[in-house]
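Okay, structure first, notes after.
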Amino acid sequence: MLKEERLDAIVDLVDQKRAIKVNDIVNKLEVSDMTVRRDLTELEKAGRIKRVHGGAQTLNIYRPEELSHTDKQIINKNEKREVAQKALQLMHEEEVIYLGPGTTIELLADIMEFDNLRVVTNCLPVFQTLRKKTGNIKVYLAGGEMRDLTQAFFGEITNKALQDMHFHHAFFSSNAVKGSEIMTATIEEGQTQAIALNNSVNKYLLLDSSKIEKEDFYTYYSLRNVTAVVMNQDSYNTHQKIEKEVPVIV
């Protein structure tokens, strides 16, 4: 990982957790303690984070810019893998599945192995991952206009395709969850997601714990209308913050 990528990743971790320890950054990014401490000092001088004893605090609850799909692949990889493994247990042969955009969903696609499954997605990396499978997974791409930052399709063509489809399960992700609000960065992508969710019997939100109590631009769905949230375990028991709104699988 290049230094600038590492600095951006640290800022994102600090923003996601609001406050984080040096050891947590070391473990998540697999770099040395000394490197993290030097980076935190540099980031504080640049006005991007606030140093505190043993770690750092965020200066942002609502990030001013959205990270790209590539940037998001770096962050919280172990937590996302844990969530994907749990979500895999909710799938069964001969079902029709919707997979939304996102790096956690891409990790789920990577570990899917089925003899008879139909999958619809509006995310190019998810589609490309499933196309490489040797089993009998039939995958359909709901195309249209693609947003380069997230590599997700949206808009009238995509929405029309999804309006005419029905799913046993929908697996989707989010940039932020606060209260009962599920949020993303753009109205257009949120509206496309909502169409697929409304056409699914079961709706599973795949979420690493860093997304809880964060905010983003557009609320596109409610936790109260979700079947369950699939989350990673963490030392802060973050899942308890949303259990009054929705069942949580941890």
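In the chain, the longest principal axis of the Cα atoms and the axis of helix 3-17 are about 80 degrees apart.
Of the GluC sites (Glu not before Pro) found in the stretch 175-249, those that fall in a DSSP loop while having at most 14 other beta-carbon atoms within 10 Å are Glu243. With all protein chains in place and ligands, DNA and RNA left out, the 1.4 Å accessible area ranks His168, His53 as His53, His168, largest first.
Within a Cβ distance under 11 Å of Glu245, other residues only, what is the Lys/Arg minus Asp/Glu net charge?
Working: positive: Lys178, Arg224, Lys241, Lys244; negative: Glu181, Glu243.
Around Glu245, the surrounding residues sum to +2.
Specify the residue with the greatest mean-square fluctuation among Arg38, Arg18, Arg147, computed from a Gaussian network of the chain linking alpha-carbon atoms under 10 Å apart. Comparing Arg38, Arg18, Arg147 in the GNM, the peak value goes to Arg38. Here the stretch 224-241 and the stretch 126-190 have alpha carbon centers that stand 22 Å from each other. Evaluated with a Cβ-only charge set (Lys, Arg +1; Asp, Glu -1), the chain carries a dipole of roughly 500 debye about its Cα centre, given to the nearest 20. Compared with the dominant principal axis of the Cα atoms in the chain, helix 33-45 is inclined by about 80°. Estimated from helices alone, the mean residue ellipticity of the chain at 222 nm is -10500 deg cm²/dmol (sum of -39500 (n - 2.57) over DSSP H runs with n ≥ 4, per residue).
For Lys203, the amide hydrogen comes within under 5 Å of the amide hydrogens of Ala170, Thr227, Ala228, counting only partners 5 or more places away or on other chains and with H modelled in the peptide plane. When every alpha-carbon pair in the stretch 9-160 is counted, what percent end up more than 24 Å apart? Distances greater than 24 Å cover 46 percent of the Cα pairs. In the full protein context, the chain carries 47 Å² of accessible surface per residue, based on a 1.4 Å probe and ignoring ligands, DNA and RNA. Under Stokes-Einstein, with the Kirkwood radius over Cα pairs as Rh, the value for the stretch 163-242 at 25 °C and 0.890 mPa s is 191 µm²/s.
By accessible area, using a 1.4 Å probe on protein heavy atoms only, the chain has 47% of its surface on carbon and sulfur.
Note: relative contact order over the chain, using C-alpha pairs below 8 Å and six or more positions apart, is 16 percent. Positive-end ranking of Ile195, Ile212, Ser222 along the dipole of the chain, with charges on Cβ about the Cα centre, is headed by Ile212. In the stretch 1-74, the ratio of gyration radius to Kirkwood radius, Rg to Rh, stands at 0.92 when only Cα atoms are counted.
The values are calculated or read from the model by the stated rules, or taken from the named source; none is laboratory data. What you are looking at is a predicted structure, and each value in this text was computed from that prediction instead of being measured. Don't worry about glycine lacking a Cβ; one is built from the backbone with ideal geometry, like all the others, and counts go over all protein chains shown. SASA here: full protein model, heavy atoms, side chains in, ligands and nucleic acids out. Shrake-Rupley method; radii C 1.70, N 1.55, O 1.52, S 1.80 Å.
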